[in-house]
2 protein chains.
Amino acid sequence: MSLATDRGKLQPADKPTLYKQIRIDIERRILTGEWPPGHRIPFEHELMSRYGCSRMTVSKALSELAQADLIERRRKAGSFVRRPTFLSAVLKIADIRAEISALGRSYGYELIQCSRRPANATDRTRLGAGKSGKVIAIACRHSADNVPFAIEDRLIDLDAVPEAAAADFATEPPGSWLLHHVPWTEAEHSISAIVADEQAAAALDIAIGAPCLVIDRHTWRSARPLTAVRLLYPGESHKLVARFRGG
Amino acid sequence: MSLATDRGKLQPADKPTLYKQIRIDIERRILTGEWPPGHRIPFEHELMSRYGCSRMTVSKALSELAQADLIERRRKAGSFVRRPTFLSAVLKIADIRAEISALGRSYGYELIQCSRRPANATDRTRLGAGKSGKVIAIACRHSADNVPFAIEDRLIDLDAVPEAAAADFATEPPGSWLLHHVPWTEAEHSISAIVADEQAAAALDIAIGAPCLVIDRHTWRSARPLTAVRLLYPGESHKLVARFRGG
DNA sequence: CGTATCGATATGTCTATACATAAAATCGTA
DNA sequence: TACGATTTTATGTATAGACATATCGATACG
C-alpha cells in the first residue's frame, strides 16, 4: 500500500507556463504558512496586473487550486485559503501482486477455496445487498519470496459482476482481476487489529496470539455492491505516503 | 479517520453548467465501464460539435478530468481513459478530538508527560533530522465518553516549529494544535498491528496481549521534519471511505 | 533499408470580451 | 432603528480566435 498526493499533485517541475507559475506561487505561500488559513488571496484583477496577464489565465490557476481543495472561491467575496480540518492524503492501494512485485520480491499465489453458490443470509449481510442471486466465495493466500504475506477472504456478487464467472481465480488473484476488469465508483475500508486465531496462524505461519492487521474493503458501482474482501496481514508495517494538507 | 474522494469529487448535483455536464457525461461512461481503460475519448472538436460549444468549454471539462487522474491527455494523440493500476482513495484523518466529537461522544484529554529538551540520538533518528536542536516530547491519552480511545507519543522539532514553545499542551491536544497552526507539505504513515504490552494495556485499559492498531505518522514541510507521532488504538475498527478508482 | 525532414493535427496556453450570478454593501423608506 | 430594495463587485461560464508545441505519419534522401 502506498499513499501519494492528489490535490493537483506536486508538479514535477513542468515547464512553467504562466498559469502554472501563478498556481505554484500561491501554493508556496499557502504551504509555507505565509498565507495562513482564512487569508484572502489577491483578487483576480490584482493578480492580472501583478502577472500582466488576462483574467482567464489567473482564473485557471485559481480553479486548479480550488479543485485541489487548497483554496475556496466565493463570488463577490474573493478566494480564501482553506481552513484545514483534516489531514488529507491519497491512499494508493496496489493489488497485492503488484505490491509485492514492486518490492522486487517473488509473488506467490495459492487458491485455497473457490465456490459459486446462491447467496445465503450471511453473504447478503456481508455484501450489504438487499436481494442477491449468486456469489463467488474465494479464499486465497498471497506470499512474497515463499513467505506468507496475506490471506484473503472475498465475496463477489455475480449479478453485479457477471464477467467474474469467466475469470480463472486459480491462476489470477481476484484482486488483480477485479482491479483491471471492473470499474467502481465507491469503496469503503475499515482497518483494525486482531490477534491470530488457530486458523489464521496456520495460514500465515505465525504464532497463535500474534498481532494481525485487518483490512475490510467493500466496493460499489453506483450504490450497487460488487465485492467484499477481508485481508489479513501479519502485524508488520504497511507504508502509506501522503502529501499536502487538506480541507 | 475517514477516507473520501478527491479526483474532482463526486459532484453534489451542482447546477449543470455546460462544461460540468460534459465532465459528468464522460465520467459516467468511464465509471460504468462503457469507455474502458485505454479508450480514446472523442477529440475536442468532435465534442465541440456534439455539444455545440467552443473548444475552451470542452477543454475545461477535460482538464478537470485530467487533474482528477481519470483521463490522460496527449498532444496530437488525443485523450485516453487512464489504466488503473491502483485503487486510489483519499484518506481524511481528523485530529482525534474532532473525530470523537464528530461521533457525538464526549472528548477527554489527559497530558501524561511533556518535556522540552535537546534532541538526543534517538529523537534525531525518530524525526529523521540530521542535526537537531530542541524538541518537545509529549505523551498523552485521548478518551471518548471516559473510555480510553488512543494513546499518543509525539515528538515535535522545536527548531522547525518554534511556535510550539508557546502552545499549552496541557489543555490542547498537540495534534489539534498542529493541524490548525502548522502547514505541512508531506506526510508519511505506517500502519501496523501489535499486541499490548503491560504499559499500553494499562493506559488503554485493555488486557495485556490484546491487539492494538498502530499508526506512525511523520510530517514534513519542504523536506524538513516537523513532528513524529505514534498512535495506539485498541483493536476495534477505524473506518475509511474512498471513492472512484484511480491511476 | 534505415533515417532525416516536414507537414498535418490535436492538445496546451493565452487573450479580449461578454454576460450571468451570488453576495456584500449601500441606500431608502417605514 | 429595522428591514427591504438596489447597486456594486468579484467570481463563474462561455465565446472566437491566435499561436505554441508535441508527435504521428508520410515523404524524401542517403
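Here, each number is a calculation from the coordinates, and none is a lab measurement. None of the values given here were measured: they were computed from a predicted structure. Cβ: placed from backbone, ideal geometry, glycine included. Neighbour counts: every protein chain shown.
How well do other chains shield peptide A:58-64, expressed as the mean number of their Cβ atoms within 10 Å of each residue Cβ?
Mean number of neighbouring Cβ atoms from other chains: 1.
If we restrict to alpha carbons, what Rg and Dmax does the protein assembly as shown come to, in Å?
Here Rg and the maximum Cα pair distance are 24.1, 70 Å.
Putting +1 on Lys and Arg Cβ atoms and -1 on Asp and Glu Cβ atoms, find which of B:Ile151, B:Gly52, A:Ala201 reaches farthest to the positive end of the dipole of the protein assembly as shown.
Checked the options; the winner is B:Gly52.
Using modelled amide H (1.01 Å from N, peptide plane; none on Pro or chain starts), what sits under 5 Å from the amide H of B:Leu158, excluding residues fewer than 5 places away?
B:Lys134, B:Val135, B:Ile136
Separation between the A:Ser101 and A:Arg28 pseudo-spin-labels, each 7 Å from Cα along Cα→Cβ, expressed in nm?
That separation, rounded to one decimal, is 4.0 nm.
Would you mind checking the tilt of helix B:18-32 against the longest principal axis of the Cα atoms of chain B, expressed as 0 to 90 degrees and rounded to 10?
80 degrees
Need one number: nm distance between label points at B:Ala202 and B:Ala139, each 7 Å from Cα along Cα→Cβ, rounded to one decimal.
0.9 nm
Please report the orientation-averaged projected area of the range A:93-234, defined via the convex hull of its C-alpha atoms, in nm².
8.3 nm²
To the nearest whole number, what is the average tally of beta carbon atoms from other chains within 10 Å of the beta carbons of peptide B:192-202?
That works out to 4 on average.
What dipole magnitude, in Debye to the nearest 20, does the protein assembly as shown give about its Cα centre under +1 on Lys/Arg Cβ and -1 on Asp/Glu Cβ?
2500 debye
Along Cα-to-Cβ, 7 Å out, sits the label point; list in nm, shortest first, how far the one on B:Pro16 is from those in the other copies.
Those separations, rounded to one decimal, come out as 4.1 nm.
With +1 on each Lys and Arg Cβ and -1 on each Asp and Glu Cβ, and nothing else charged, work out how big the dipole of chain B is about its Cα centre, in Debye to the nearest 20.
1520 debye
Mind checking the angle between helix B:55-67 and chain B's longest principal axis? C-alpha axes, 0 to 90 degrees, to the nearest 10.
30 degrees
For the range B:35-72 and the range A:153-229, what is the separation of their Cα centres, given in Å?
Between the Cα centre of the range B:35-72 and that of the range A:153-229, the gap is 34 Å.
For n ≥ 4 DSSP H runs only, could you compute -39500 (n - 2.57) per run for chain B, divide by its residues and tell me the 222 nm figure to the nearest 500?
That calculation yields -7500 deg cm²/dmol at 222 nm.
Which percent of the Cα-Cα distances in chain A go past 24 Å?
Tail fraction, whole percent: 59.
In nm, one decimal, shortest first: how far is the label point of A:Arg40 (7 Å from Cα along Cα to beta carbon) from the matching points in the other copies?
Ordered by distance, the counterparts are at 4.9 nm.
Report, for B:Arg73, each distance to the same residue's label point in the other copies, shortest first and in nm; define the point 7 Å along Cα→Cβ.
1.5
Mind checking which of B:Leu111, A:Cys140, B:Leu127 is farthest towards the positive end of the protein assembly as shown's charge dipole, using Cβ charges of +1 (Lys, Arg) and -1 (Asp, Glu) about the Cα centre?
Positive-most Cα among the choices belongs to B:Leu127.
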